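All remarks here apply to the structure that follows.
The values are calculated or read from the model by the stated rules, or taken from the named source; none is laboratory data. Quick caveat: nothing in here was measured; it's all calculated off a predicted structure. Cβ: placed from backbone, ideal geometry, glycine included. Neighbour counts: every protein chain shown. Side chains are part of the model used for accessible areas, which takes the heavy atoms of the whole protein and leaves out ligands, DNA and RNA. Shrake-Rupley method; radii C 1.70, N 1.55, O 1.52, S 1.80 Å.
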Amino acid sequence: MAGTKAATPWGPAKLVDEMTVNQQAGERRFASIVQLLETSAGERLVRFAYSTGGTARRGPVTLRERDLARLHALLEKHPDLGAALGL
(Lines give C-alpha, C1' and ligand atoms only; values in the text may rest on other atoms or scores of the structure.)
Protein backbone atom coordinates (compact mmCIF):
# COMPACT_ATOMS: atom_id res chain seq x y z
CA MET A 1 0.00 0.00 0.00
CA ALA A 2 2.59 2.62 1.04
CA GLY A 3 4.38 3.97 -2.01
CA THR A 4 1.34 3.42 -4.25
CA LYS A 5 0.86 6.31 -6.67
CA ALA A 6 -2.26 8.48 -6.59
CA ALA A 7 -3.46 11.12 -9.03
CA THR A 8 -4.45 14.45 -7.45
CA PRO A 9 -5.32 17.92 -8.79
CA TRP A 10 -1.81 18.96 -7.65
CA GLY A 11 -0.14 16.21 -9.67
CA PRO A 12 0.98 12.69 -8.81
CA ALA A 13 1.49 11.78 -5.17
CA LYS A 14 2.55 8.68 -3.31
CA LEU A 15 0.45 6.98 -0.65
CA VAL A 16 2.18 7.35 2.74
CA ASP A 17 -0.51 5.93 5.03
CA GLU A 18 -4.11 4.78 4.86
CA MET A 19 -6.78 3.79 7.35
CA THR A 20 -10.30 2.44 6.95
CA VAL A 21 -13.30 3.18 9.19
CA ASN A 22 -15.85 0.39 8.75
CA GLN A 23 -19.47 1.54 8.85
CA GLN A 24 -22.95 0.06 8.65
CA ALA A 25 -26.42 1.46 7.95
CA GLY A 26 -29.05 -1.22 8.44
CA GLU A 27 -27.88 -4.17 6.34
CA ARG A 28 -25.55 -2.04 4.18
CA ARG A 29 -21.86 -2.30 4.96
CA PHE A 30 -19.35 0.20 3.63
CA ALA A 31 -16.25 2.05 4.79
CA SER A 32 -14.70 5.50 4.82
CA ILE A 33 -11.07 5.66 3.80
CA VAL A 34 -8.58 8.33 4.94
CA GLN A 35 -5.32 8.54 3.02
CA LEU A 36 -2.16 10.52 3.65
CA LEU A 37 -0.51 11.41 0.33
CA GLU A 38 2.74 13.20 -0.40
CA THR A 39 3.63 15.09 -3.58
CA SER A 40 7.09 15.00 -5.15
CA ALA A 41 7.66 18.47 -3.60
CA GLY A 42 6.99 17.01 -0.14
CA GLU A 43 3.55 18.59 0.36
CA ARG A 44 1.22 16.37 2.36
CA LEU A 45 -2.40 15.91 1.34
CA VAL A 46 -5.27 14.15 3.12
CA ARG A 47 -7.88 12.45 0.95
CA PHE A 48 -11.23 11.09 2.13
CA ALA A 49 -13.16 8.50 0.11
CA TYR A 50 -15.76 5.83 0.73
CA SER A 51 -15.71 2.19 -0.27
CA THR A 52 -18.42 -0.25 -1.21
CA GLY A 53 -17.40 -3.78 -2.04
CA GLY A 54 -13.70 -2.97 -1.77
CA THR A 55 -13.76 -0.27 -4.48
CA ALA A 56 -12.79 3.23 -3.35
CA ARG A 57 -15.08 5.97 -4.66
CA ARG A 58 -14.85 9.72 -4.45
CA GLY A 59 -17.78 11.77 -3.36
CA PRO A 60 -19.32 12.89 -0.14
CA VAL A 61 -18.15 11.00 2.92
CA THR A 62 -20.51 10.99 5.89
CA LEU A 63 -19.42 10.02 9.39
CA ARG A 64 -21.73 9.71 12.38
CA GLU A 65 -20.47 10.74 15.81
CA ARG A 66 -19.74 7.11 16.70
CA ASP A 67 -17.82 6.74 13.41
CA LEU A 68 -15.76 9.81 14.32
CA ALA A 69 -14.98 8.18 17.67
CA ARG A 70 -13.71 5.12 15.76
CA LEU A 71 -11.69 7.38 13.46
CA HIS A 72 -10.05 9.04 16.48
CA ALA A 73 -9.23 5.64 17.99
CA LEU A 74 -7.69 4.45 14.71
CA LEU A 75 -5.59 7.60 14.46
CA GLU A 76 -3.63 6.43 17.51
CA LYS A 77 -2.09 3.82 15.19
CA HIS A 78 -1.60 6.36 12.37
CA PRO A 79 0.21 9.34 13.95
CA ASP A 80 1.21 10.94 10.62
CA LEU A 81 -2.43 11.08 9.53
CA GLY A 82 -3.43 12.45 12.93
CA ALA A 83 -0.79 15.17 12.66
CA ALA A 84 -1.92 16.09 9.15
CA LEU A 85 -5.47 16.46 10.48
CA GLY A 86 -4.24 18.60 13.37
CA LEU A 87 -5.24 16.05 16.01
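Things worth noting here:
- Arg66 being in contact (Cβ under 8 Å) with a residue 40 or more places away in the chain and open to solvent by 70 Å² or more (accessible area, probe 1.4 Å): no
- Residue within segment 45-54 that is at positive phi and part of a strand (DSSP E or B) present: no
- Within segment 41-56, residues that are of a type in the set (Ser, Thr, Tyr) sit with their Cβ atoms under 7 Å from residues that are at pLDDT below 85 and open to solvent by less than 70 Å² (accessible area, probe 1.4 Å), at 6+ positions apart or across chains, in these pairs: Tyr50/Gly59; Tyr50/Val61.
- Counting only residues that are farther than 23 Å from Gly86 by Cβ, outside any strand (DSSP E or B) and not hydroxyl-bearing (Ser, Thr, Tyr), segment 1-35 holds 4 of them.
- Residue count, segment 26-63 (criterion: surrounded by fewer than 14 Cβ atoms within 10 Å (Cβ to Cβ), within 18 Å of Lys5 (Cα to Cα) and hydroxyl-bearing (Ser, Thr, Tyr)): 2
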